[in-house]
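Asker: One structure follows; several queries about it will come next.
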Protein chains: 2
Amino acid sequence: MEQTTVKQPLQNALEQFQALDQKITHYYSIIGLADWDQKVMAPKKGRNVFAKAAGTLRTEVFKLSVSEEMGSLLDTLSASENISALDEVTKAKVREYKSYYQKSKSIPAEFFQEYAILTGQANDAWEEAREDNDFAKFLPFLEKIVEYKRKFAEIYGYKDHPYDALLDEFEPGLTVKILDPLFAKLREASVNLLNRIQKHGKQTRNEIFEQTFSIEKQKDFNRFILPIIGFDMEAGRLDETVHPFAQTVNIGDVRLTTRYLENNVRSALFGTIHEAGHGIYEQQINPEFEESVLQSGTSFGIHESQSRFLENMIGRSKEFWSYFYPTLQEYFPTQLAHVSKDEFYRAVNTVSPSFIRVEADELTYNLHIMVRYEIEKALISGEIEAKDLPEIWNKKMQDYLGITPLSDTEGVLQDVHWSFGGIGYFPSYSLGNLYAAQILRTIEKVLPEFKSHIENGRFDVIQGWLKENIHQYGKLYTPNEIIVKVSGEELNADYLVDYLEEKYSEVYGLEEK
Amino acid sequence: MEQTTVKQPLQNALEQFQALDQKITHYYSIIGLADWDQKVMAPKKGRNVFAKAAGTLRTEVFKLSVSEEMGSLLDTLSASENISALDEVTKAKVREYKSYYQKSKSIPAEFFQEYAILTGQANDAWEEAREDNDFAKFLPFLEKIVEYKRKFAEIYGYKDHPYDALLDEFEPGLTVKILDPLFAKLREASVNLLNRIQKHGKQTRNEIFEQTFSIEKQKDFNRFILPIIGFDMEAGRLDETVHPFAQTVNIGDVRLTTRYLENNVRSALFGTIHEAGHGIYEQQINPEFEESVLQSGTSFGIHESQSRFLENMIGRSKEFWSYFYPTLQEYFPTQLAHVSKDEFYRAVNTVSPSFIRVEADELTYNLHIMVRYEIEKALISGEIEAKDLPEIWNKKMQDYLGITPLSDTEGVLQDVHWSFGGIGYFPSYSLGNLYAAQILRTIEKVLPEFKSHIENGRFDVIQGWLKENIHQYGKLYTPNEIIVKVSGEELNADYLVDYLEEKYSEVYGLEEK
């Protein structure tokens, strides 16, 4: 046997830590499967009781993560005399558990339970409020959630802004100080570009999508492209749900869902490509990280960068449709007979302000996020209160998108996130776009054949690059470490701004600024 | 608040016991879902790693079930000064956990683990052996499994026969002493009836099934009959697997699978009806037992009685096809145009000795079980050894069914059960038939309209009766308590013997004995 420099007590701690990590990860894997099942497969009548069963396992995971055993292991492993002896992988695992442990151990159990009950009720109230277009029904719950979130922020702690504590849950290390200038630049450029498109843009043939596209054929086409763009169907599935999502069970089992609409061929198509971006990220993580906390994507933002990169930078590119459009025409010969490849490309890139975030195009999408980001920040700092939201929402929609929602259902009530307490989540979506554009610029530099790879359907080369540079690492590196490692610099809004400017100037025949 | 006669320490123990019961049941519910998923939904590449995750949860359940906490709670609750204060429901829960605890706590953890590894390997070896028709490949594993099972029998303990200890795992209270005379009578009567059918029986039109039946239409028909015969589709699902089964997640979530073959319309149809029998049992358990150990059927034998009752006594009855045949003809007009209802009824009751148990008809099925029962009993007692099995198997097949398998694949290697250590399982199948016939005689007495209810599609009345008298109780009563409660007497083979004699004399136009 090789000699080792690791001392015995540390060795014990390492083994115990590894066993605990594995147990927690195993439980998360089962919870992931159960979550997927309840959304996709479970019959109606069993769901309420099953939610209690799943809750029991979730509670167990929480207890293990904040247990005395975990605390003492983290203490031992991060003690100054030990930390230097740890390898990079173990250090990353310790970092992940420590961050959760430190945040969660100071939350009294009852506080956590009350909050869990509140979000359960809030979700029902939100559904009803949205259905009835009655913000007042949701308001008392939203007020309480904001109150709790302000308290969480205090418990978690922050340096400059209380919202930082919440952002950190979704994007470790992210702060208002970092985000404000990035988002300001993106917002201004987007509003400006949108105005120019609306004034001077040459219209696209968006009406081609107002035809009937057989759902069976849509399904076939989706299943046809998935493996080509890099999703391994032997390590995943594609199913149907009203709200598409991707769920990982383990590296060899990543499940996507999409939604087919007969009168909207774009919805399932780009939904599938988007979720495939999430899924391929998880499928390409280093198998050595399997059964450990490192076995998933590093943050919501980096995850979203992978889905948006595949959906928008690749899936809405001219080269993508050079490769796939002839086949799509074969699937839908009548509908697409008189639509040229270029017309189709322009049509899938139609920019048009709309009320609903999830239906927004690539450009206006970020403006929807700005509305939410600014509101969340001000809510948590106490500058505004929940009751003022409909008014503020509508005002910002008018300012940025030039439209005012006709109802709260199409406005402030449209998203589920606040009802489950996900304040701090929304910025991830635009962060994803920012990361994606920065990654695009890098890949175009180091892989000069990038565009022709798309044009020739060589997605394996592109996915290989993403695996090598991003995917394989799982949670080994923090989001900031990843973007610096990939692109050589911190996150920079210029890349997305330039990309949008360039792409949409071309699509809409605008003169360069 | 009402005054209670339960003293405080007992009250504490009751609350703790209930919490532990709920936790264990929650975990079983999740394991059930995971098992279903891995067989029905999971992509190939994730299954090995997921099996480890599920193993972690299974181990946890085992630990909880044999924990010191459990032991001390069971001691308290079954102490002489407390037991009389317990209600019937709690008593039954204590009985269930106590039985498992007493058996399992004496098994050393390593012994259990070695055994788990062995059965894992044995399953692979069995698959290979079956595929290659090479018993020698499975033999060393089977020998070890038999050795372990003999040891388990000694650890569990028994009064008369070591096999009793294994039977008890599947059918609490069942012994060789009870089973021997029941099975001897059934075997003799079946062999006799089979001989008479082969000599004097008027042939059925079995060849009508040698046509192509579109799988899509089969699916539609299966989905059409399921709710009519009593399976609640809002509390369950129907999917496809190579080996059909029923899996309970909870009372509101019971999942069936079936297998469609284009050249065999019977396979899916009776498979579905059979599994629905299992499923309806579970769906109709008293919801008050949900989230407790009582929330499932009381034993393998009683469970099988419900599937066989629905499949054979109802699903293969003349009245069933009076009701459903016209619709089946609408689904398959060409195939069934020149087949009368009576011809169809006789054809689905064709008796024909065959090598494979799962393809056997209602009469010869029990003879397949007799072969296995006698072999298992002699193996465990040490009268025979694993190496002698192919010879003994073929001899018994010849004696009882009059045919000798052409290969071990079609003989001693056909079933999965021994490879996972399920020695003692097979008798449940014939027990199910015995129970079912006894229940049939009772129901015909107390529900004189039974046959016309079938003929009129009033399965709700029949399922209502089964719910009232059997299903609702879950594990509240032991199998013997249930059959006595329902029929007023202990299990008696005469009912099945008479039923088979009567039915097949009519189907095959035999003279009564």
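Asker: Considering the alpha-carbon set of the stretch B:33-92 alone, what are its Rg and its Dmax in angstrom?
Answerer: Both quantities, over Cα of the stretch B:33-92: 18.4, 55 Å.
Asker: Right, another one. Based on the alpha-carbon gyration tensor of the stretch B:291-444, what equivalent-ellipsoid semi-axes (square roots of 5 times the eigenvalues) come out, in whole Å, largest first?
Answerer: Values: eigenvalues 214, 100, 34 Å².
That gives 33, 22, 13 Å for the three semi-axes.
Asker: Based on the Cα coordinates of the stretch A:359-458, what is the per residue volume of their convex hull in Å³?
Answerer: Details: hull volume 14.3 nm³, N = 100.
Dividing the Cα hull volume of the stretch A:359-458 by its residues yields 143 Å³.
Asker: Could you please put B:Tyr325, B:Tyr473 in sequence from largest to smallest accessible area, using a 1.4 Å probe? It would help to have the intermediate numbers written out before the result.
Answerer: Working: B:Tyr325 5, B:Tyr473 40 Å².
Reading off the accessible areas and sorting them downward yields B:Tyr473, B:Tyr325.
Asker: In addition: Out of every Cα-Cα pair in the stretch B:407-480, what percent are more than 13 Å apart?
Answerer: Values: 2075 of 2701 pairs.
The share of Cα pairs beyond 13 Å in the stretch B:407-480 comes to 77 percent.
Asker: So, one more: Treating only the Cβ of Lys, Arg, Asp and Glu as charged (+1, +1, -1, -1), what charge dipole size does the stretch B:1-105 show about its Cα centre? Round to the nearest 20 debye. Before the final figure, lay out each step's value.
Answerer: Values: 15 positive and 13 negative charges, 174 e Å.
In total the dipole reaches around 840 debye.
Asker: Stretched out fully, how many nm does the piece from B:Gln102 to B:Glu234 gain, at 0.36 nm a residue minus the Cα gap? Please report the intermediate quantities before stating the final value.
Answerer: Details: separation 132, 0.36 × 132 = 47.52 nm, distance 3.85 nm.
Gain in length upon complete extension: 43.7 nm.
Asker: If one computes the Cα centroid of the stretch B:83-160 and of the stretch A:70-143, what distance in Å separates the two points?
Answerer: Their Cα centres are 41 Å away from one another.
Asker: Let me ask another. Calculate the mean, over all residues of peptide B:25-31, of how many other protein chain Cβ atoms lie within 10 angstrom of the residue's Cβ.
Answerer: On the way: counts 2, 10, 5, 1, 9, 11, 2.
What the average comes to for B:25-31 is 6.
Asker: Now for a different question. Using the structure shown, select from B:Lys39/B:Lys219; A:Lys318/A:Lys445; A:Lys105/A:Lys485; A:Lys445/A:Lys485 the pairs with a Cα to Cα distance greater than 21 angstrom. Don't skip to the answer; put the middle values down first.
Answerer: Values: B:Lys39/B:Lys219 19 Å; A:Lys318/A:Lys445 19 Å; A:Lys105/A:Lys485 32 Å; A:Lys445/A:Lys485 15 Å.
Cα-Cα > 21 Å for A:Lys105/A:Lys485; rest within.
Asker: Across peptide B:49-59, how many C-beta atoms of other chains are within 10 Å of each residue C-beta, on average? Show your work: numbers first, answer last.
Answerer: Details: counts 11, 8, 0, 6, 14, 4, 1, 9, 7, 0, 2.
Partner Cβ neighbours, averaged per residue: 6.
Asker: Once phi is turned into ³J(HN,Hα) by the Karplus curve 6.51 cos²θ - 1.76 cosθ + 1.60 with θ = phi - 60°, what whole-Hz value does each residue of the stretch A:96-112 show in order, with x for glycine and proline?
Answerer: 5, 5, 5, 4, 5, 4, 5, 5, 8, 5, 7, 8, x, 3, 5, 4, 5
Asker: Could you give me the percent of Cα pairs per 5 Å distance bin for the stretch A:219-263, shortest bin first, beginning at zero and ending with the bin that holds the maximum distance?
Answerer: So the P(r) values, bin by bin, are 6, 20, 31, 26, 13, 3, 1.
Asker: If you scale each eigenvalue of the Cα gyration tensor by 5 and take the root, what three semi-axes come out for chain A, rounded to whole angstrom and sorted largest first? Please list the in-between numbers first.
Answerer: Values: eigenvalues 276, 164, 110 Å².
Calculated on Cα positions only, the semi-axes equal 37, 29, 23 Å.
Asker: Also, I was wondering about something else. In whole angstrom, how long is each semi-axis of the equivalent ellipsoid of the stretch B:318-395, when you take the square root of 5 times every eigenvalue of its Cα gyration tensor and sort them from largest down?
Answerer: On the way: eigenvalues 339, 26, 16 Å².
They are 41, 11, 9 Å, listed largest first.
Asker: If you average the alpha carbon positions of the stretch B:276-330 and of the stretch A:471-497, how far apart do those two centres end up, in angstrom?
Answerer: 58
Asker: Regarding the stretch B:1-105, what whole-number volume in Å³ per residue does the convex hull of its Cα atoms give?
Answerer: Working: hull volume 13.1 nm³, N = 105.
Roughly 124 Å³ of hull volume per residue.
Asker: Let me ask you something else. Using only the alpha-carbon atoms of the stretch B:447-513 as identical scatterers, what base-10 log of I(q)/I(0) does the Debye formula give at q = 0.15, 0.19, 0.26, 0.29 Å⁻¹?
Answerer: The Cα Debye sum returns log10 ratios of -0.71, -0.97, -1.07, -1.10.
Asker: Output ³J(HN,Hα) for the stretch B:27-36: one whole-Hz value per residue in order, computed from phi by the Karplus curve 6.51 cos²θ - 1.76 cosθ + 1.60 with θ = phi - 60°, and x for Gly and Pro.
Answerer: Per-residue couplings from phi come out as 5, 4, 4, 5, 4, x, 4, 5, 4, 4 Hz.
Asker: Regarding the stretch B:190-305, what are the three Cα extents along the principal axes, ordered largest first, in Å?
Answerer: Computed over the stretch B:190-305, the largest-to-smallest principal extents equal 53, 38, 24 Å.
Asker: Got a number for the accessible area of B:Glu188? Probe 1.4 Å, square angstrom, nearest 10.
Answerer: Only protein atoms counted, so the area is about 110 Å².
Asker: Sort out for me the Cα centre separation of the stretch A:390-411 from the stretch A:197-248, rounded to whole Å.
Answerer: Here the two parts' Cα centres lie 28 Å apart.
Asker: Calculated FRET efficiency, A:Ser84 and A:Asp180, Cβ-Cβ r, R0 35 Å, to nearest 0.05? All intermediate terms of the calculation are to be shown ahead of the outcome.
Answerer: On the way: r = 37 Å, r/R0 = 1.05.
After rounding to 0.05, the efficiency reads 0.45.
Asker: Report the convex hull volume per residue for the stretch A:169-222, counting only C-alpha atoms, in Å³. Present the calculation step by step, with values, prior to reporting the outcome.
Answerer: Numbers: hull volume 8.5 nm³, N = 54.
Spread over its residues, the Cα hull of the stretch A:169-222 gives 158 Å³ apiece.
Asker: Around B:Ser317, under 10 Å between beta carbons, what's the net of Lys plus Arg minus Asp minus Glu among the other residues?
Answerer: The answer is +2.
Asker: Something else about it: Near B:Lys159, which lysines are there with a Cα under 16 Å away, not counting those fewer than 8 places off in the same chain?
Answerer: Answer for B:Lys159, where 16 Å is the Cα cut-off: B:Lys103, B:Lys151, B:Lys177, B:Lys377, listed by chain and number.
Asker: Taking every pair of alpha-carbon atoms in the stretch A:44-141, what share in percent sits in each 5 Å bin, from 0 to the bin with the longest distance?
Answerer: 2, 10, 14, 15, 13, 12, 11, 9, 6, 4, 2, 1, 0
Asker: State, as an integer percentage, the relative contact order of the stretch A:8-105 based on alpha-carbon contacts under 8 Å between residues 6 or more apart.
Answerer: Relative contact order for the stretch A:8-105 comes out at 37 percent.
Asker: If you bin the C-alpha pair distances of the protein assembly as shown every 10 Å from 0, what whole percents do you get?
Answerer: 2, 9, 16, 20, 18, 15, 11, 6, 2, 0, 0
Asker: Inverting the mean 1/r over all pairs of different Cα atoms, compute the Kirkwood radius of the stretch B:386-437 and quote it in Å.
Answerer: One decimal place: 12.4 Å for the Kirkwood radius.
Asker: Averaged across the residues of A:342-349, what count of C-beta atoms belonging to other chains lies within 10 Å of each residue's C-beta? All intermediate terms of the calculation are to be shown ahead of the outcome.
Answerer: Details: counts 0, 0, 0, 0, 0, 0, 0, 0.
Taking all residues of A:342-349 together, the mean is 0.
Asker: List the residues, sorted by chain then number, that are 5 or more residues from A:Asp239 or on another chain and whose placed amide H is less than 5 Å from its amide H.
Answerer: A:Leu256, A:Thr257, A:Thr258
Asker: Now for a separate question. Under 5 Å between amide H atoms, partner at least 5 residues away or on a different chain: which partners does B:Asn264 have, H built in plane at 1.01 Å?
Answerer: Those qualifying (amide H under 5 Å, at least 5 residues apart or on another chain) are B:Phe213.
The values are calculated or read from the model by the stated rules, or taken from the named source; none is laboratory data. Since we're looking at a predicted model, the values are computed, not measured. With ideal geometry, Cβ positions are generated from the backbone for all residues, glycine too; neighbour counts draw on all protein chains shown. Areas reflect the complete protein model, heavy atoms only, side chains present, ligands, DNA and RNA absent. Shrake-Rupley method; radii C 1.70, N 1.55, O 1.52, S 1.80 Å.
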